[in-house]
Every structure is written in C-alpha cells, then in structure tokens.
Amino acid sequence: MGLGVNSGGMSNGGPIWPSGKSGPGQLKPAEEAFQMHKEVSAPGVKSSPGATPVKDAPASTQASQAQAAAPTTQIKHLSVKDILQQLANIKAPVNDHNQELALLMAAHGIEISEESFGLINKLLKGKKSKEAKESAVLLVSKGLADATDDVGILSNVLGKKSTMSDALNQLSQMQSKMMGMLNNAIKDHPGLHAFISVFDEFNDQLKKLKHVHQSNRWLVNPEQMLGDSLMLASFLKGLGQTVGVHQKMLDAYLKALGQFNDHLMGQLVLSQDSIKQPLGLLESFHYFQIPNPLSAQAVIEMLLRKQSNTQKNDKKESVQNEQEKIIINMDTESMGTLTIIVVVMGFKVWCTIHSDQEHAVSHANAFRNELADNLKKYQYNLEEFKSSRKKINIQKFIAPSQDISEVKRIQTEI
C-alpha cells in the first residue's frame, strides 16, 4: 500500500449554486460565471431596401453601450444570509435543521439544491444528531448516497459509538463457544470439517488486526478482508437454516460479526475520495482503526496517504525520491490526545508530534535522541523533529472541508 506526503490544506473555492433562469440577484453556476465573456456585442443588421441609412455612432458611444451590456460579476464571501436566501429560493423550510445542513454542504463543496437536500434527507430518515448530519453530507460528497440507505455506517465510526476494539473483543469472547458448537455439528454433518478450518483461520486473522504488521490483512488488503468477513457471515446464516445448531448462540455471533463488518465498511467509506473537491489539489488518505494496546476501549486512528496514479505508473522514479506520509492519532490517559505525523523520503524521516497538553510536548522532546538512535539502527536519519501544543482534527484529512468564511459566492447579473 503506497503512502505519500502533502499538507492537507484546501484551496479557496465555493458552493456551486443550482442553475436556472438568470436574472438580477440570481446566481449562475461557478463554471458559467468564469466562462462568461466580459463584453457582449450584437450581430450586424442589414438595411432593408429603401431604408434610410443610419450613421455609425461615435466610438465613445459604442464603447459605453458595450460596457453597459456587459454582465456584472461579483465575488464575495458566502454569508449566513446568503444561505438563508438560497434555502428560500429552493423552497426549503428556513429552520435551524436545514440551515445547519446547508452550512455543512457549503463547507464540503456540495451544491445547495433540491436534489442534494433530497439525497441527504433520504439518508437521514428523520435523524437530526450532529453525527448523522455529518455522515449524510459525507456520503453525498463521496458520491455514495445511492450505495447505502442509512447514515449509521459512518455515524458510529465518527461518533466513536463503536470501535474496532469493542467489535474484536465481542467476537473473540464468542469464538471458543462457536468452535465448540461447530465441532458438535460435525457428528451429523462431516462436511463441516472444511468450514471449521476456514473459521479457525478467520479467527487467527482477527487476532492479527490488533497489530501494525504486514500480516494484518486489514492494512494490506482491506477490501479482501471485508469480503471474506461478509462471506463468512453469509455462510453462517445459511448454516443456521440447514444444520441443527444452537440458534441463540449463532444469532449472537452473527450480530457481533455484523457490527464488525459495518465498522470495516465505515472505514472503507471514509477512505473514499470526495467527488466534490478539486482533484489533485488535496491529498487523500486510507483510514484505519487499530485497537490501542494501552486501553481496551480506545483505538489508534491511522491515516496512510494514497499514492497518485503518476507515482504508481512512474517506474523510473527512484526509491530515494518517493515520499510517504503516516498520521497516527490516539487518546491517552496521561498525555491527552496525541497526533504524530511522520514523513518519509527514502531513508530520511521528518517527525512532528502534537498534543493538547503542555507536559506531553516537553515529554516528547525528551525522546528525540532516542528516536534518532533507533532509526539509525535501520539506516534511517531523523532530519527534523518538532513538537507543539495543538489538537489536530484528523477528520479534516479524510473529509476535507473549508471554513464557511473562506467559501466564495459568485453572482452574475446579465
């Protein structure tokens, strides 16, 4: 899996308003506004027979007429007043719920239109929590609104209502009972021998998900890992209908496995690029959750920057020039929220540590030399080490957005 480097910033942009019949005070799409000519000239008119020739107007008069006919384009910062006006234009109720949705849509580059509101409300199904709204807007921004019918797949991950640690703990607690149930079923159904070996291998893979290692299939090939888990769930459902097993136990395991699969699916969705943002201007990341060995209820969030197609196809590029970027975020009891950003280019390493607590920053600085020495053992050189008191919102990397004050409104009158 390739990694890479960038800053995570966004270029200035703005929402694309719905197109329609233009007039004074109405908005044109951003693309049309930028393509509009600065001057508009009328086609020539031939004189009819017998008509009295009209003398050409003075050049100054023609210039003033052309200037008067030219469209006027205004570019200014988007305001809450503009949002409310646009809601009224598309006949959406101007209330707190729709205003919050509209602000989220503008920040994520989604056009504030009847169609977009329809997609988002279809996903929400009446839910009005902050996590639900953010999840619905993200699904639309990533072009996945039609691929799912519920925002729960993302809101549980974003709101930390369920974690990879919880899901894995539930499955591991039931693994031995499930294995015993399957062994009992073999007596009447010898063909289950092959499935039991598959089930045992699957549980070995679940144990490896707790470690950042090449044997962790979720990190190496997340789509295949999810596919295998979904296939196992499907087989177990069929097994319950055809083989005499302990149904209550099977249902409990299937419920836990379903929650685990939903969690994996949510992480894959967060890893999808946004279709509403300018391609090439933003870095994009694979998003993973890994159980935190220091806390059973916490997770380590890890982002791996994706390689561009150019990087993948350029076989002549030297290994020394390849850039990789890893972002690790975790909550700790003694040092607050830690965010570690590591950039690697060849055998050179740049490391930045952010924490929301001052003593954690000082503590991190004390380990600079130790880190440099350990890297040298693997022939890596620590080029730079920085630390700062700052809390990083890593959601900005997987769901790029702009502050509403930076969004531009483009208005053209013709």
So how do SER116, SER135, SER79 line up by other beta-carbon neighbours within 10 Å, fewest first? SER79, SER116, SER135
Ranking LEU239, LEU101 by Cβ neighbours within 10 Å, fewest first, what do you get? LEU239, LEU101
Could you tell me the distance between the Cα centroids of the stretch 107-138 and the stretch 227-244, to the nearest Å? 34 Å
May I ask which residue of ALA147, LEU192, GLY180 lies farthest towards the positive end of the charge dipole of the stretch 103-223, with charges of +1 (Lys, Arg) and -1 (Asp, Glu) on Cβ and the Cα centre as origin? GLY180
Of LYS160/LYS386; LYS122/LYS142; LYS130/LYS237; LYS130/LYS391; LYS160/LYS207, those spanning more than 25 Å from alpha-carbon to alpha-carbon: LYS160/LYS386; LYS130/LYS237
Is there a quick way to get the dipole size of the stretch 127-249? I mean about its Cα centre, with the Cβ of Lys and Arg at +1 and of Asp and Glu at -1; what is the value in debye to the nearest 20? 460 debye
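Taken together, the values in this text are just the output of simple stated rules run on the coordinates, not laboratory data. Here the structure is a predicted model, which is why all the values come from computation and not from measurement. We place every Cβ from the backbone using ideal geometry, glycine too, and count neighbours over all the protein chains shown.
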